[in-house]
Amino acid sequence: MATHPQTPTSSNAFSFISKGWREVRDSADADLRLMRDRANSFKDLATSFDRELENFFNSATPPFSVPAMRSPPPKEIEFVKSLRPKLSEIRRAYSSPDFSKKVLEKWRPRTQIRINLSAIKNAIVSAEEVGQEEEEGIVDFEKRRRRRLSFWEEWKNDGEGESRDWEPIRVLKTRFKEFEKRGSSFEAFKNSEFVEKFKSSLKSMCKEPQESKEVPPLDVSELLAYIVKQSGPFLDHLGVKRDICDKIVESLYSKCKNHHLLHTLSGEESSVLGNGNINDELDLRIASVLQSTGHRYEGGFWTDHAKHVPLDNERHVAIVTTASLPWMTGTAVNPLFRAAYLSQSAKQKVTLLVPWLCKSDQELVYPSNVTFTSPEEQEAYIRSWLEERIGFKADFKISFYPGKFSKARRSIIPAGDTSQFIPSRDADIAILEEPEHLNWYHHGKRWTDKFNHVVGIVHTNYLEYIKREKNGALQAFFVKHINNWVTRAYCHKVLRLSAATQDLPKSVICNVHGVNPKFLKIGEKIAAERELGQKAFTKGAYFLGKMVWAKGYKELIDLLAKHKADLDGFKLDVFGNGEDANEVQSAARRLDLNLNFQKGRDHADDSLHRYKVFINPSISDVLCTATAEALAMGKFVVCADHPSNEFFRSFPNCLTYRTSEDFVTKVKEALENEPYPLTPEQRYQLSWEAATQRFMEYSELDGILNKENNGEKSRVDKGKLIAKSASMPNLTELVDGGLAFAHYCLTGNEFLRLCTGAIPGTRDYDKQHCKDLHLLPPQVENPIYGW
């Protein structure tokens, strides 16, 4: 361990103290000389007073005679005659040689001063002894304290018992006694329980050097283990799996764990860590070493501390998504329901931020030629659609950001900095629906810098779609790493709806989507009809989805073509619109499949209520909303045994297949039997109330919104454990900040944006967006100053 040089600092301190004592001694000598001069001047004054008295006596007995007078003598002469005997007595007394001695004995100040001067002299002599001690390098502070106390005790006790002290000395003594009383009260306060607790809390925050010396230094194996642990996401980019990294960390750290950990921590901390994992133990070990050095981490190179501070426990949640109604897609519908149900809680205010498309793009995206001339008009449409389905008035704000539709990607790409459309006063918690999509070409403020907590929700399995395109494998490779890059740089937490998506950094798997309450009501109605003995399902099987090959149409046609003979007489109604509608229908006619194609419609449409079986062979979905809706309506669902359907396997009406032969078996089983009625627990599991509860738990928002309540419990549970975040820098945060900065630089170059497939001119919004959304031109909003 490193040694701390103490000799130069101590010698400087001793020389400074010695110099101070010499100055005190010189000052005391000067005071003594001044006192002697004043005593001599007092003696001269007494002599001059004696001389004046002598002259006065001589003038009172004149040598000349006064003739006899008939008139009475003047009053002045009579006064002198009466005063003469007294003056004679004063003269005799004053002429006595012992007069001066008696006066000085009567006046205590003279005696008091002489005693005090001797005490000061003793203090000066002790200072010389201290100087000698300093030269020898030994200082006895306790001895110095006793000397100071003896000086003041001598001053205080000298002359005790004398009742006729000089008035200034008596006042001075009184003041010293009052000061001593106050000092005793201060000593009582200093020893009080409050002060002791305050001192102990300060001691816990700033450990004594003696305690820090007991923490052993880090070994090389511990440093390597920590580097490997923090580099986990980077190694994942290189193809090294997480479990391999964990094994490497465990093997490196276990070599010195037993030797250092139990030696460093108290018994209580060790018992707590004994129930944890190797990563927590390593983090605490690093934190204890850093804390022993007095280091406290105040933020990284990339950290922006100018974040929103919630006032009066009022929290703000901003939900940012990539689509909006009337485009009936998952990223338009599900975030809308999430905003509505989150706004039911009084703990937070909610804002839904959706893209605004110019009229030319609206005509390409929105069905049935629906267009809007203003954001207010589209907001009214969205609220009307929502309130018809949820049955209550949702209190949340709807805002718009500029977007452009990409025909090649069949999706909406943000134009400009999307984060700027959330005011800084409301920048508290951000929910990014499709975080990879929102940040592919994001050129603006980092989300995690502006917001206190950022949660990403992955909706789409982009890799599955890209693999179907030309050079799909190569494109999927680059997109996979770009997705890892942007989600790691811009999110604190990532929620994956199912394991069908790629494994992203900081991610967990949880279905945080529910179904439209309208579908649950339809299911309850059908169940009531069945209880009355009525025939609820009068139709067979159907499929509903956007008519593009990636939405399961390719798998559907392949299964029906392969087992055409096995499913003889099986008829399937297909509902959907899309870019690949003509190709899909042509392929079905060419193979002579018994498919009845119809226009797309809302899944809650009355014409779909009586179908008994919903078939969904798609394996590109992350979590099929239509499957959940069909289960909510009490139908059978035949779907593939795929990670995207993992959530639905617990429902008895969900029939999964693994092979094409199994597909035929499940279809026949569903057509020949009646679905099971949903239990109240199953209906709740499909509801948005349950989905919102799961979202609050897995996104860690529940703990953040209840921070004060959880804070006290956390302090009780953790006890004396070290706060890691306050004492040690996080290498992951530094790397994430570097990745965000690099992404910002790359997306600022228009040539690189075009090479990666961005829409030209989307780094900033255009004039039409300025006109529609009443925005300042980007040149005014974000001016660029050059040379």
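The values are calculated or read from the model by the stated rules, or taken from the named source; none is laboratory data. Values in this document were obtained by computation on a predicted structure and should not be read as measured data. Methodologically, a virtual Cβ is constructed for each residue, glycine included, from the backbone with ideal geometry; neighbour enumeration extends over all protein chains shown. Surface accessibility is based on the protein's heavy atoms, side chains included, excluding ligands, DNA and RNA. Shrake-Rupley method; radii C 1.70, N 1.55, O 1.52, S 1.80 Å.
Structure data summary
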{"read-out": "Euclidean distance of C-alpha centroids, region 436-480 and region 331-368, integer Å", "value": "20 Å"}
{"read-out": "Length gained when the stretch residue 475-residue 244 is fully extended (0.36 nm per residue, less Cα-Cα span)", "value": "80.5 nm"}
{"read-out": "Heavy atoms of residue 480 accessible to a 1.4 Å probe, total area in Å² rounded to 10", "value": "90 Å²"}
{"read-out": "Amide H partners (placed H, <5 Å) of residue 651, local residues excluded", "value": "none"}
{"read-out": "From phi via Karplus (6.51, -1.76, 1.60), per-residue ³J(HN,Hα) for region 611-619 in Hz, x at Gly/Pro", "value": "6, 9, 10, 10, 10, 9, x, 5, 10"}
{"read-out": "Lys, Arg +1 and Asp, Glu -1 on Cβ, resulting dipole of region 515-685 about Cα centre, debye, nearest 20", "value": "340 debye"}
{"read-out": "Charge dipole of region 316-392 about the Cα centre (unit charges at C-beta), most positive-ward option of 336, 325, 384", "value": "336"}
{"read-out": "Rounded percent of accessible protein surface that carbon and sulfur make up, region 515-685, 1.4 Å probe", "value": "48 percent"}
{"read-out": "Sulfur and carbon atoms: percent of accessible area, region 345-402 [1.4 Å]", "value": "48 percent"}
{"read-out": "Those GluC sites (Glu not before Pro) in region 553-601 that DSSP places in a loop and that have at most 15 other beta carbons within 10 Å", "value": "579"}
{"read-out": "Solvent exposure, largest accessible area first (probe 1.4 Å, DNA, RNA and ligands not counted), of 381, 226, 401", "value": "381, 226, 401"}
{"read-out": "Heavy atoms of residue 558: accessible area, 1.4 Å probe, square angstrom to 10", "value": "80 Å²"}
{"read-out": "Rounded to the nearest 20 debye, dipole of region 310-458 from Cβ charges on Lys, Arg, Asp, Glu", "value": "220 debye"}
{"read-out": "When each of 407/480; 359/635; 347/546; 506/599; 404/612; 407/518 is checked by Cα-Cα distance, pairs over 29 Å", "value": "359/635; 347/546; 506/599; 404/612; 407/518"}
{"read-out": "Per residue, in Å², the accessible surface of region 515-685 once ligands and nucleic acids are set aside, probe 1.4 Å", "value": "46 Å²"}
{"read-out": "Length released on extending from residue 373 to residue 558, taking residue separation times 0.36 nm less the Cα-Cα span", "value": "62.2 nm"}
{"read-out": "Integer Hz, Karplus 6.51/-1.76/1.60 couplings in order for region 550-557, x for Gly and Pro", "value": "6, 8, x, 5, 5, 5, 5, 5"}
{"read-out": "Positive dipole terminus of region 417-565, leading residue within 441, 534, 459 (C-beta point charges)", "value": "534"}
